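One structure is given here, and the rest of the page talks about it.
The values are calculated or read from the model by the stated rules, or taken from the named source; none is laboratory data. Nothing here was measured: the structure is a model prediction, and the numbers come from that model. Glycine also receives a Cβ, built like all others from the backbone with ideal geometry; neighbour counts cover every protein chain displayed.
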Amino acid sequence: MGKNKDKKKTEEAAEETLKEEQKEEAAGEEQTGTEQPEEKEGEEEETAAGEEQKEEDREKEDPRDIKIAELNDKVVRQMAEFDNFRKRTDKEKSEMFSNGEKTVIEAILPVIDNFERALEMAGKDQEKKDDPFMEGMDKVYKQLLDELEKLGVKPIEALGADFDPNLHNAVMQEDTEDYESGKVCKELQKGYTLNDSVVRHSMVSVAK
């Protein structure tokens, strides 16, 4: 009997101890829960205080410093606007020059065509071929081509090349055994490029 009573007392003491620990844990959780809003409120108060301090600092600034900052900002903006204006103007000048150059070359190309026709006709007649006048024409023609090449003008390769709609203007098709289908088999008028930009497409005939 004495042993049973001691055992019962031990169990009751353990239960009391467990209950006290549970109460302490619950109290600790409640305290933690109440501390979080307080911390948040403290942070908000610090933020508001910081904003007020910044506002006070602005009010304390020297008006001359404020004016200098405004002028500096204005100068920076004007410099940026001027730089954009300069770039835009340079681009417009470059485009105007390119367009003007292209227009002049387009006007010269028919002159080159006439030179080539005259020289081709003279080449068929031996007497005209040896004529000093025709020799002079040939020299002027070659000089003109050299000067145009210095400006970036080059003839477009056509005869025997694959037909390319970006370079060639097909006006007819022919049955021929000399060229494969899709190849340029005849050049009716030379085409030219200016700095890799097409000034005039080659007028060609394409093999069927």
>> Take the residues in segment 166-208 that are in contact with a helix residue (DSSP H, G or I) (Cβ under 7 Å, 6 or more places away or on another chain) and hydrophobic (A, V, I, L, M, F, W, C); name whichever of them is farthest from Lys154 (Cα to Cα).
In response: Val199
> Hey, among the residues in segment 145-155 that are of a type in the set (A, V, I, L, M) and out of contact with any Lys or Arg (no Cβ under 9 Å at 6 or more places or on another chain), which one's farthest from Val204 (Cα to Cα)?
Replying inline: Leu151
>> Report every pair of residues separated by at least 6 positions or lying on different chains whose Cβ atoms are under 9 Å apart, first residue within segment 118-140 and acidic (Asp, Glu) and in a helix (DSSP H, G or I), second surrounded by 11 or more Cβ atoms within 10 Å (Cβ to Cβ) and at pLDDT 80 or above.
In response: Asp138/Phe115; Asp138/Leu119
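Rundown of residues vs (1) loosely packed, with under 10 Cβ neighbours inside 10 Å; (2) in contact with a strand residue (DSSP E or B) (Cβ under 8 Å, 6 or more places away or on another chain); (3) among the aliphatic types (A, V, I, L, M), yes/no style:
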| residue | (1), (2), (3) |
| --- | --- |
| Lys102 | no, yes, no |
| Asp113 | no, yes, no |
| Met134 | no, no, yes |
| Glu157 | no, no, no |
| Ala161 | no, yes, yes |
| Pro165 | yes, no, no |
| His168 | no, yes, no |
| Glu180 | no, yes, no |
>> Can you tell me which condition Gln78 does not meet? The list is (1) surrounded by 10 or more Cβ atoms within 10 Å (Cβ to Cβ); (2) closer than 30 Å to Gln189 by Cα; (3) out of contact with any Leu (no Cβ under 7 Å at 6 or more places or on another chain); (4) at pLDDT 85 or above, and all the others hold.
In response: (2)
> Which of (1) within 34 Å of the chain's Cα centre (by Cα); (2) more than 25 Å from Ser205 (Cβ to Cβ); (3) in contact (Cβ under 8 Å) with a residue 12 or more places away in the chain is the odd one out, the single condition Val104 does not satisfy?
Replying inline: (3)
> Identify, please: which residue in segment 144-154 is of a type in the set (A, V, I, L, M, F, W, C) and within 32 Å of the chain's Cα centre (by Cα) and is, among those, surrounded by the fewest Cβ atoms within 10 Å (Cβ to Cβ)?
Replying inline: Leu151
>> Tell me whether segment 122-143 contains one or more residues that are under 30 Å from Ser94 (Cβ atoms) and more than 33 Å from the chain's Cα centre (by Cα).
In response: yes
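In segment 175-200, what count of residues is obtained for those that are within 15 Å of Pro110 (Cβ to Cβ) and not aromatic (Phe, Trp, Tyr)? It would help to see each step written out before you state the result.
Going residue by residue through segment 175-200, those that are within 15 Å of Pro110 (Cβ to Cβ) are 188-192, 199-200.
Of the ones still in play, those that are also not aromatic (Phe, Trp, Tyr) are 188-191, 199-200.
Total meeting the criteria: 6.
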>> It is to be established whether one or more residues within segment 134-144 are under 28 Å from Ala122 (Cβ atoms), in contact with a Lys or Arg (Cβ under 7 Å, 6 or more places away or on another chain) and of a type outside the set (D, E, K, R).
In response: yes
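I'd like to verify a number: residues in segment 150-208 that are closer than 21 Å to Asn99 by Cβ, part of a strand (DSSP E or B) and of a type in the set (A, V, I, L, M), how many?
Qualifying residue count, segment 150-208: 4.
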